[in-house]
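Accompanying notes for the structure given below.
The values are calculated or read from the model by the stated rules, or taken from the named source; none is laboratory data. Keep in mind the model is a prediction, meaning the values are calculated, not measured. Every residue, glycine among them, receives a Cβ derived from its backbone with ideal geometry; neighbour counts consider all protein chains shown.
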Amino acid sequence: MPKRIITSIQAIGHRVIDSIWRLGRAARFFALVLLKSTTSFLRFSLVIREIYFVGVLSLIIILVSGLFVGMVLGLQGYETLQKYGSESAVGTLVALSLVRELGPVMAALLFASRAGSAITAEIGLMKATEQLSAMAMMAVDPVARVVAPRFWAGVISMPLLAALFSVLGVFGGYLVAVVFIGVDEGSFWSSMQNAVDFRYDIVNGVIKSCFFGVTVTAIAVFEGFDAPPTAEGVSGATTRTVVTSALAILGLDFVLTSFMFRGVD
Amino acid sequence: MQRTIIDFWVGLFVIAGIGALLILGLKVGNLTSYNTGESYTLTGNFENIGGLKIKAPVKSAGVVVGRVTDIQFSLETYDALVTMAINAHYRFPKDTFASILTSGLLGEQYIGLSPGGDEEMLAEGDKIMKTNSAMVLEEMIGRFLFDKAAED
């Protein structure tokens, strides 16, 4: 009996030590990527190629989701606000919730599942098929040549995607509230412009999405690089990328929000 | 895929993203209303500002003419010293009345200016002498109950 207790305690300890090791590896890998980023900026065409795969190909899902999220917000906001006779505030509601929260967060979640998983799978498969080792054999540093351009492409794309998400969302809210339901157009825009502050709301939203971009792509490239070089390992790493990114985004969002928006100004 | 096509799409993507930021700033946000032209500052002492906040609008006849820039507690008079930046287009007479009003029943509070009939105009740094405090619900209820009790 005591032996079973000891082994189960050992199992817990093993897991904890393992995850701490992994965290340390991730941090060292992140520092390595930053150190070896010079190549990506000297040969910027590498980054541009990755921005195409990471950013441009994510556009459709980001734009369509943004439009629908905005439309739903407009509809639900109108539904509730009209009970208090303040349906003109629907513009404020849509714009503030998109610019502050939903734009950065939803765009980052979609980005993690659309682009993050692709980055992990690609790097993981390159490792499994020993392409990375082959590069190292040819004295081409895989971190500088493969990982860093993908990392910077994600970091550059994320704020742009989040801004596009917010704009399409505001347009969706406008479409539902003004065009379909018939809220007054002037009060829709003016109440929005009165409430949304450039420095306080929009810049903070952009800062948020920059943080999310770094987090998601760092997780994606690390999971890909760290994946066991088997088919199973790559699939597990892809899943972990999406799950870890989603949790990291939501957790980080709370931390950032509590620093940025304290209710009083 | 060809290099030029990728470059084209990425360029388009970056332009669209930056354009989206601009739209957010100009159409959704208040970047347009920032520093539109010159402004001059006025101050006023209020006995009680209620829930007035910095950046609250200053309105006259319902038109936004300026913003509250600073709220301080004055140790000399033991009341609130409110500083506001008024758009230089709008000039107000010396005997303008400033009161803290609420938009709607539950709306935000703002400063309402009702112009008087003086020939002289308020200038940079002047103090508005006639002010009216914010309406505080508790005080009003208290006064109402007191009046009721006095009637009986």
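Here are a few things to note about the model shown:
- Boolean, residue B:63 is in the same structural domain as residue B:129 (by TED's automatic domain parsing), at negative phi and at pLDDT 85 or above: no
- When residue A:194 is tested against (1) surrounded by 24 or more Cβ atoms within 10 Å (Cβ to Cβ); (2) within 13 Å of chain B (Cβ to nearest Cβ), only condition (1) is not met.
- Filter pass, residue A:183 being part of a helix (DSSP H, G or I), away from every other protein chain (no Cβ under 14 Å) and out of contact with any strand residue (DSSP E or B) (no Cβ under 8 Å at 6 or more places or on another chain): no
- Within the range A:143-161, the set of residues being at the interface with chain B (Cβ under 9 Å from one of its Cβ atoms) and free of Cβ contacts under 8 Å to residues at least 60 places away in the same chain comprises A:159 only.
- Residue A:201 being of a type in the set (D, E, K, R), touching a residue at least 40 places away in the same chain (Cβ under 8 Å) and within 13 Å of another protein chain (Cβ to nearest Cβ): yes
- Qualifying residue in the range B:118-132 (condition: modelled with pLDDT under 85 and under 30 Å from residue A:85 (Cβ atoms)): yes
- Any hit, the range A:11-30, residues being within 25 Å of the chain's Cα centre (by Cα) and more than 24 Å from residue A:143 (Cβ to Cβ): no
- Evaluation of residue A:209 against (1) farther than 16 Å from residue A:108 by Cβ; (2) within 22 Å of the chain's Cα centre (by Cα) (one fails), failing number: (1)
Every residue, every condition in (1) within 14 Å of chain A (Cβ to nearest Cβ); (2) free of Cβ contacts under 8 Å to residues at least 40 places away in the same chain, yes or no:
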residue: B:38; (1), (2): no, no
residue: B:45; (1), (2): no, no
residue: B:68; (1), (2): yes, no
residue: B:75; (1), (2): no, yes
residue: B:80; (1), (2): no, yes
residue: B:86; (1), (2): no, no
residue: B:93; (1), (2): no, yes
residue: B:98; (1), (2): no, no
residue: B:120; (1), (2): no, yes
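- Among the residues of the range B:70-119, those that are of a type in the set (Gly, Ala, Ser), more than 11 Å from residue B:59 (Cβ to Cβ) and surrounded by fewer than 16 Cβ atoms within 10 Å (Cβ to Cβ) comprise B:74, B:88, B:104, B:107, B:116, B:117.
Residue-wise test of (1) more than 14 Å from chain B (Cβ to nearest Cβ); (2) in a helix (DSSP H, G or I); (3) crowded, with 20+ Cβ neighbours inside 10 Å; (4) touching a residue at least 40 places away in the same chain (Cβ under 8 Å).
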site	(1), (2), (3), (4)
A:99	no, yes, yes, yes
A:103	no, yes, yes, yes
A:107	no, yes, yes, yes
A:112	yes, yes, yes, yes
A:118	yes, yes, no, yes
A:125	yes, yes, no, yes
A:133	yes, yes, no, no
A:136	yes, yes, no, no
A:139	yes, no, no, no
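- Complete set of residues in the range B:34-52 that are farther than 16 Å from residue B:132 by Cα and modelled with pLDDT under 85: B:34, B:35, B:36, B:37, B:38, B:39
- Test: residue B:121 is farther than 24 Å from residue B:54 by Cα and in the same structural domain as residue B:55 (by TED's automatic domain parsing): yes
- When we screen B:29, B:11, B:62, B:51 for residues that are closer than 20 Å to residue A:189 by Cβ, more than 7 Å from chain A (Cβ to nearest Cβ) and out of contact with any Pro (no Cβ under 9 Å at 6 or more places or on another chain), the only hit is B:62.
- In the range A:31-63, residue nearest to the chain's Cα centre (by Cα) [restricted to those that are at the interface with chain B (Cβ under 10 Å from one of its Cβ atoms) and polar (S, T, N, Q)]: A:58
- Count of the range A:186-214 residues which are within 16 Å of residue A:103 (Cβ to Cβ), assigned to a helix (DSSP H, G or I) and either of a type in the set (A, V, I, L, M) or touching a helix residue (DSSP H, G or I) at 6+ places or on another chain (Cβ under 7 Å) (or both): 16
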